[in-house]
Amino acid sequence: MIADNLARFLPELRPEARRVVEGEGFLSGRRKGGLPMLRVVGGWCVFFHRGCVLHKVGAAEGDAYRYKPAACALFPLARRANGDWYVRQWGVEGEDWDLFCLDPAASPRPAAESLAEEIALAARFTAEEAGGKPGGAVENACPPLQDTGESLLTGGRARG
Ligand code: SF4
């Protein structure tokens, strides 16, 4: 999806990121959790330019999640090996990112409320998978959007 629509994103990228994407592609060649990773230029994902370019272009076309990798769009939701969704956060599933937003004590709001949009998107992805359409296929590479956790079923908190 990203490759097929790259021409839409290139004009919106940081100049240094655009040079790298045009010369070497947007994937780094590394993998995480079995998924390919986006390149990073200057410490930021190549698609980061005053926010996520993939998000902005999609939103302008009427669907903010049209181009955004699933791992980015769903953050901080993630999946266990058995397919169950959970909220990434400190102390859950071996979470190794120490971001403030992944501290379950950082906000009194329940995840079901603060992550309502992401939960709805997860349900959409699950439904699409059931219908034979895979979700995202690229791992998150956005420095401020790295990881969290807790089962949605336990009503955990993450992110205010
Ligand atoms: S890591 Fe994901 S959310 Fe962040 S800029 Fe890149 S594509 Fe967008």
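Details
- Once C-alpha pairs closer than 8 Å and six or more residues apart are averaged by separation and normalised to the residue number of segment 1-68, the relative contact order reads 28 percent.
- Centre-to-centre, using Cα atoms only, segment 73-119 and segment 6-63 are separated by 24 Å.
- Within segment 22-69, GluC sites (Glu not before Pro) in DSSP loop having at most 14 other beta-carbon neighbours inside 10 Å: E61
- Shape box of segment 1-68 [Cα atoms, principal axes, largest first, Å]: 31, 28, 21
- Residues whose amide H lies under 5 Å from that of R30, counting only those 5 or more places away or on a different chain, are M37; hydrogens are built 1.01 Å from N in the peptide plane.
Where a number appears in this text, it was derived from the coordinates with a stated rule and is not lab data. Please read all numbers here as calculations on a predicted model, not as lab measurements. Reconstructed Cβ throughout: ideal geometry from the backbone, glycine too, with neighbour counts over all protein chains shown.
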